[in-house]
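Encoded as structure tokens, the structure appears first; notes follow it.
The values are calculated or read from the model by the stated rules, or taken from the named source; none is laboratory data. Quantities reported herein were computed from a predicted structural model and do not represent experimental measurements. Here the Cβ positions follow ideal geometry from the backbone for every residue, glycine too, while neighbour counts run over all protein chains shown.
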Amino acid sequence: MLEEIRIGVYVCHCGSNIADKVDCPAVAAYASQLPHVVVARDYQYMCSDPGQELIRQDIKELKLNRVVVASCSPRMHEPTFRKVCESAGLNGYLYEMANIREHCSWVTEDPQQATEKAKALVRAAVARVVHHEPLFERWAPVNPNILVVGGGIAGIEAALKVAAAGNKVWLVEKSPSIGGNMARLDKTFPTLDCSACILTPKMVSVAQDENITLLTYAEVEQVEGYVGNFRVTIRKKARSVDLNKCTGCGRCQEKCPVEVPSEFEAGLAMRKAIYTPFPQAVPNKPAIDREHCRHFTRTKGKCRVCFNVCQVGAIDYDQEDELVTYECGAIIVATGYGLFDPSVGPQWGYGRYDDVITAIQFERLVNASGPTKGKVVCKDGRVPERIAILHCIGSRDENYHPYCSRICCMASLKLAHLAREKTGAEVYNFYIDLRAFGKGYEEFYNRILEEGVNFIRGKGAEVTQKDGRLVVRGEDTLLGRYREVPVDLVILNTALEPQPDATKVAQIFGIQRSADGFFLESHPKLEPLKTATDGVFIAGCCQGPKDIPDSVAQGAGAAAEALSLATAGKVKISPVVASIDPDLCSGCRMCLPLCPYGAISFNEEKKVAEVNETLCKGCGTCAASCGSGALNVRHFTRNQILTQIEEVLAV
Amino acid sequence: MSTSTLELLPEEGLEPGFAAQVASYPGGEKIRRCIQCGTCSGSCQMSADMDYTPRRILAMVRAGMKKEVLSSQAIWYCAACYYCTARCPMGIKLTEVMFALKSLALKEGYVSLKQHSPAFYKSFYEVVERYGRMHEASLIIGLALKTNPLDFVGLAPFGLNMFRKGKIEILPHGVKNRQEIKALVQQVQRLEVR
Amino acid sequence: MRYAYFPGCSNHASSKDYEQSTQAVARVLGVELAELPDWNCCGTTGVTSVSPLLSAVLSARNLAIAEAQGWEEVVVTCNSCFGMLRRAGDYHRQDPAMREKIDAALAGVGKKWQGQTRVRHLLDILVNDVGLETIAGKVKRPLRLKIAPYYGCLLGRPRNEFEDSEYPESMDQLLSAVGAEVVPYDHKAKCCGGALMTTKEEVALRLCYEIIGEAQDRGAQVIAVTCPMCQLNLDGYQNKINARFGTNFKMPVLYFTQLVGLALGLRERQLAIGKGFVPVKQVINF
Ligand SMILES: Cc1cc2nc3c(=O)[nH]c(=O)nc-3n(C[C@H](O)[C@H](O)[C@H](O)COP(=O)(O)OP(=O)(O)OC[C@H]3O[C@@H](n4cnc5c(N)ncnc54)[C@H](O)[C@@H]3O)c2cc1C
Ligand code: SF4
Ligand code: SF4
């Protein structure tokens, strides 16, 4: 290296976040003594405008060719300072960040130790930056097509918004119809508008929109490529019904001899083996559930009842799963939530007593198109005179899910209202805290209070039976009195939990998960819709429990994220990728199977491995495995990393 | 409980260090996480007999109401059934807290050994301390001597029945190495000083 | 199958019938129970209420003796012993402060314990080690009885890998395997009052009344138990319960070992049946 190395070091106070524990001026003074350092300064907020200007000026006036900022985690501000360097004409990769906040001031008690640690981190960064090389970002084109996975309200909203912008969108839904959980609800809090009335028009719009291709009974199997250029493989499960021929007349469902508990009705009613999940389904055409269809389960003697009654010949038992591929620039995952199974806690009596049901079952019970045509009755047909609603079943409980499921308080208020409206019963809500956090929610709570619902502040601890009647045991904590409340019907408001197949889905799309199992957003506040994989966005309850307004807002937001990528038309590709020195590569092929992205191939002619830089994500797995030192990830070369480690440890 | 008026809670009567003292007992470390949900009280089959429900006892512990807690009847109604512990959503070992409170009430003299419950536990402890094992006859005698020897008479028919069924041994069959049990008790007393 | 065996104070005194039937059944099933030398009381609620630490230390002493002899598992028959010995193990493994204290106390008498000894209930051994199939294969006289299995508190609580804390089922399976009809009922893991029978009799009588009452309502002829304390409370106090609540319960309360023993063809005398207070003749006759 011929050019003289001139480094500027900037130590940030981060208000009091760093300065409380780290003596920032002392660290700057120390840094100014280090080799190649031309200037070292400390400043209140390096990320502020004046802070950035400081660096810019120094680069120009002092002819700096390397910059070190000692501040926070690179996650948020590495791009900020990289841009600062670039705006002053310096390649953004000739810059290094030392994290003296998360790694130092926030986790070190003793100010003296913290200061010493900060010095070591800065020393290491200075030594490392010497070995940095200018790297250049490349641009790749963005495919304007978009994929939405999951046809609940969040996915529906996203698909409609994308389509309205004129982009093509494929909506992939696992079940035979879109609609998701919202389709199962009766009325919705806080306004009590009918769920189907506001959802169905949107579902129909999806079916009618020219820009939307709807694939129901389908699942994504594989995602290849990278932001802007994904190639997605989708499995269309054999529906056994030709959608082009089927008129949706429903005769097949009438005649089918096999009955199966209906998923949509939460087990309260039966459906047939050939079925449309609910009357407003989109598409309103059935699918054969091969697991239960007699034609498929019988070894001898076929059934063929539906085939025989179908007048248009739409039944096709020989249909096979079909794999289709779709190329798109961005993906929106909106796979929603599952519900906690309360039978794992026998104390709540679910599965042991007929008249202990879940909230979603009650939604179906009060619904006019539900199994009882909207009559709220006990199993034996009696109209309940006393009803208990238990909040927080499986939520806020370390034995099950420690998190709050957010929507259950409001849903419980809604159910209390509906229960009273339909039956005039005395209703008892057992709650721990009442969380009415949304717009109009507190007012809704007030309304329910005025309606005369009984509130018992204490979690329903146990449901048991006394003299043939259900009894809820709990403490009325506001009175400090133990109570046994006799009721006819118990509604358990169960936790929202990650979908049972969340692990698999996360893997397919390269999404991380938070401790609670839901999909993890890039930043809890500022990037709620992005994920660790560029170009893959999340919306709705797959990210965590939320109500319909929030799910819709996220669906629309994710559409905006995807569209902004598509509209830009091109995307920056990080230069931090693996590179192989062909002179050093021994051709051992160790690295080939290790790459999770299939980015390494073997050049048979030259007998060396080669990296496809567009596929490489720079994870470094290969570099760690290379025995001959031929593989390096740019910006994380052996030399750079080892120098940094040596300096951190040097005393 | 039975007072008809609720008076101002006198701040000077509170012991802010009480929660820390209870937390230092085995299994007490999580009491500050209690969200006062009442699952414990709703699960406790003795709640209805207690002067304060288990949840309320915990709230009082945290408020520093040492005198009220340690002289309460509630703690002597705990049968150690572990329902509260099994169900507490915050992982609080309330059964262990109840043990701690009984132990503190005895140790700091908040209860009289004339009362049946404290006398029973204390007598039990003494028998085990002496023999290393339970010996029902010694326990009954110890209990009667502490409380009211006439109680013994009340127990006699049942005891006699037990004896007839071969369920009561006249002489204790204790541990052979009683020295070791004594030494262990002393070790524990030393470790318990706080 | 060999295990270290901790009989507990009751089996040497008030529940000799449990001890005798345990030994008899173990013999038939090829389970060898080697009694720990010079074991001491687990501490149970009595000691724990005075010193929560002492009962952990006393329990640990037993487990240290087992460990010194090379045993990895200790079998108990009493639910309270089961709970108390496990409590010592849980503290030793999960609570560093408690581990330090337990170790220090044991060290004071020259003992040492790694804390890894597994404590298991005899019911667990029968159901999971011997196995239901094996036992069913040895049945000589299927128990044609309707039985309410009563588990009490400590078999599954606070929590362990063997039984459910709310709705245990292993004894149901065992008794079904030997031909009995088990009745499902809500009170199977409720509390019998334990030591409260001595200190707060009114409360304990009520609890036992509820248990026996439901068992009877569901058609049970016998209650099966796994614990001497439960046995004594449910059986020994039935007269008082009848007097207090105006009932006429005549519900025999037998140890599960006695019932399994009968099915295996053992004689009443070998199983010490008839040592309880409620007569068994009207339901079990030979
Ligand atoms: C009892 C109850 C009452 C409620 N009441 C109200 C209320 O009154 N008001 C309110 O605002 N909110 C209410 N909610 C909350 C509401 O249900 C949710 O906010 C909303 O349904 C979330 O929509 P979503 O699209 O994120 O998820 P979901 O509705 O769960 O939709 C997810 C969709 O993705 C599909 N899917 C899943 N996995 C895959 C996959 N791998 N591939 C393809 N597709 C997949 C599913 O089949 C489903 O169609 C209630 C919830 C409950 C449980
Ligand atoms: S159950 Fe646990 S969290 Fe709830 S009140 Fe009782 S101790 Fe507190
Ligand atoms: S352990 Fe004690 S306080 Fe807890 S539920 Fe049982 S009796 Fe009540």
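Can you spot a residue in the range A:411-429 that is within 14 Å of chain B (Cβ to nearest Cβ) and surrounded by fewer than 18 Cβ atoms within 10 Å (Cβ to Cβ)?
Checked against the condition, which is being within 14 Å of chain B (Cβ to nearest Cβ) and surrounded by fewer than 18 Cβ atoms within 10 Å (Cβ to Cβ), the range A:411-429 yields no hits at all.
Can you say whether A:Ala281 is away from ligand 3 (no atom under 16 Å from the Cβ), modelled with pLDDT of 95 or more, assigned to a loop (DSSP other than H, G, I, E, B) and under 29 Å from A:Val223 (Cα atoms), as far as the supplied structure shows?
Here the answer is yes, as A:Ala281 does meet what is asked.
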I need a count of the residues in the range B:77-109 that are surrounded by fewer than 23 Cβ atoms within 10 Å (Cβ to Cβ), under 12 Å from the mean Cα position of the chain (by Cα) and more than 7 Å from every other protein chain (Cβ to nearest Cβ). 3
Which is in contact with a Lys or Arg (Cβ under 7 Å, 6 or more places away or on another chain), without any contact (Cβ under 8 Å) to a residue 60 or more places away in the chain and within 14 Å of another protein chain (Cβ to nearest Cβ), of A:Glu462, A:Glu475? A:Glu475
Residue count for the range B:110-134, restricted to those that are touching a residue at least 40 places away in the same chain (Cβ under 8 Å), more than 14 Å from ligand 3 (Cβ to nearest atom), within 10 Å of the chain's Cα centre (by Cα) and at the interface with another protein chain (Cβ under 8 Å from one of its Cβ atoms): 0
Tally of residues being away from ligand 2 (no atom under 16 Å from the Cβ) and in a strand (DSSP E or B) across the range A:473-488: 4
Of (1) more than 16 Å from A:Asn493 (Cβ to Cβ); (2) not in a strand (DSSP E or B), A:Ile448 satisfies all except one. Which? (1)
Mind checking which residues of the range C:34-58 are more than 11 Å from chain B (Cβ to nearest Cβ) and in a helix (DSSP H, G or I)? none
All but one of (1) under 12 Å from the mean Cα position of the chain (by Cα); (2) more than 9 Å from every other protein chain (Cβ to nearest Cβ) hold for B:Arg62; state the number of the condition that does not hold. (1)
Consider only pairs whose beta carbons are under 6 Å apart and that are at least six residues apart or on different chains; among these, list those whose first residue lies in the range A:532-558 and is over 21 Å from A:Leu185 (Cα atoms) and whose second residue is of a type in the set (Asp, Glu) and within 11 Å of ligand 1 (Cβ to nearest atom). A:Ala556/A:Glu157
Condition test on C:Ala204, is it more than 14 Å from chain B (Cβ to nearest Cβ) and at pLDDT 95 or above? no
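Taking B:Ala74, is it under 29 Å from C:Ala60 (Cβ atoms), among the hydrophobic types (A, V, I, L, M, F, W, C) and within 15 Å of ligand 3 (Cβ to nearest atom)?
no
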From the options A:Ile7, A:Ile55, A:Ile18, residue that is crowded, with 21+ Cβ neighbours inside 10 Å, over 27 Å from A:Pro524 (Cβ atoms) and out of contact with any Gly (no Cβ under 8 Å at 6 or more places or on another chain): A:Ile7
So in the range A:462-475, with the set limited to residues that are modelled with pLDDT of 95 or more, more than 15 Å from A:Glu426 (Cβ to Cβ) and of a type outside the set (Gly, Ala, Ser), which one is surrounded by the fewest Cβ atoms within 10 Å (Cβ to Cβ)? A:Thr464
In the range A:87-98, is there at least one residue being part of a helix (DSSP H, G or I) and outside the structural domain of A:His523 (by TED's automatic domain parsing)? yes
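In the list C:Asp129, C:Asp103, which residue meets the criterion of being without any contact (Cβ under 8 Å) to a residue 12 or more places away in the chain and surrounded by fewer than 24 Cβ atoms within 10 Å (Cβ to Cβ)?
Working: C:Asp129 fails: without any contact (Cβ under 8 Å) to a residue 12 or more places away in the chain.
The unique qualifying residue is C:Asp103.
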Residue satisfying all of: in the range B:54-99; in contact (Cβ under 8 Å) with a residue 24 or more places away in the chain and charged (D, E, K, R); nearest to ligand 2 (Cβ to nearest atom) among these: B:Arg87
Given the criteria assigned to a helix (DSSP H, G or I), within 14 Å of chain B (Cβ to nearest Cβ), under 26 Å from B:Phe99 (Cβ atoms) and in contact (Cβ under 8 Å) with a residue 60 or more places away in the chain, does C:Arg93 qualify? no
Looking only at the range C:235-253, and only at residues there that are touching a Leu at 6+ places or on another chain (Cβ under 9 Å) and closer than 26 Å to C:Glu181 by Cβ, the one that is surrounded by the most Cβ atoms within 10 Å (Cβ to Cβ): C:Val253
Residues of the range C:9-42 being small (Gly, Ala, Ser) and modelled with pLDDT under 95, which ones? C:Ser10, C:Ala13, C:Ser14, C:Ser15
Among the residues in the range C:71-81, are any away from chain B (no Cβ under 11 Å), crowded, with 19+ Cβ neighbours inside 10 Å, under 25 Å from C:Arg269 (Cβ atoms) and of a type in the set (Ser, Thr, Tyr)? yes
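Restrict the check to the range B:82-89 and report whether at least one residue is among the polar types (S, T, N, Q) and out of contact with any helix residue (DSSP H, G or I) (no Cβ under 8 Å at 6 or more places or on another chain).
no
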Could you tell me whether C:Ser170 is surrounded by fewer than 18 Cβ atoms within 10 Å (Cβ to Cβ), among the hydroxyl-bearing types (Ser, Thr, Tyr), away from chain B (no Cβ under 14 Å) and closer than 26 Å to A:Ser343 by Cβ? no
Considering residues of the range B:24-59 that are hydroxyl-bearing (Ser, Thr, Tyr) and more than 14 Å from chain A (Cβ to nearest Cβ) only, the residue nearest to ligand 3 (Cβ to nearest atom): B:Tyr25
Condition met for B:Gln21 (at the interface with chain A (Cβ under 10 Å from one of its Cβ atoms) and of a type outside the set (D, E, K, R)): no
Tally time: how many residues in the range A:178-198 are surrounded by 24 or more Cβ atoms within 10 Å (Cβ to Cβ) and under 22 Å from the mean Cα position of the chain (by Cα)? 3
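Condition check ((1) assigned to a loop (DSSP other than H, G, I, E, B); (2) touching a residue at least 12 places away in the same chain (Cβ under 8 Å); (3) under 35 Å from the mean Cα position of the chain (by Cα)) across all residues:
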| position | (1), (2), (3) |
| --- | --- |
| A:Leu470 | no, yes, no |
| A:Val490 | no, yes, yes |
| A:Glu497 | no, yes, yes |
| A:Ile511 | yes, yes, yes |
Tally, over the range A:111-152, of residues that are closer than 17 Å to A:Val27 by Cα and touching a residue at least 12 places away in the same chain (Cβ under 8 Å): 14
Taking A:Gly166 as meeting all but one of (1) part of a helix (DSSP H, G or I); (2) surrounded by fewer than 21 Cβ atoms within 10 Å (Cβ to Cβ); (3) in contact (Cβ under 8 Å) with a residue 24 or more places away in the chain, write down the number of the exception. (1)
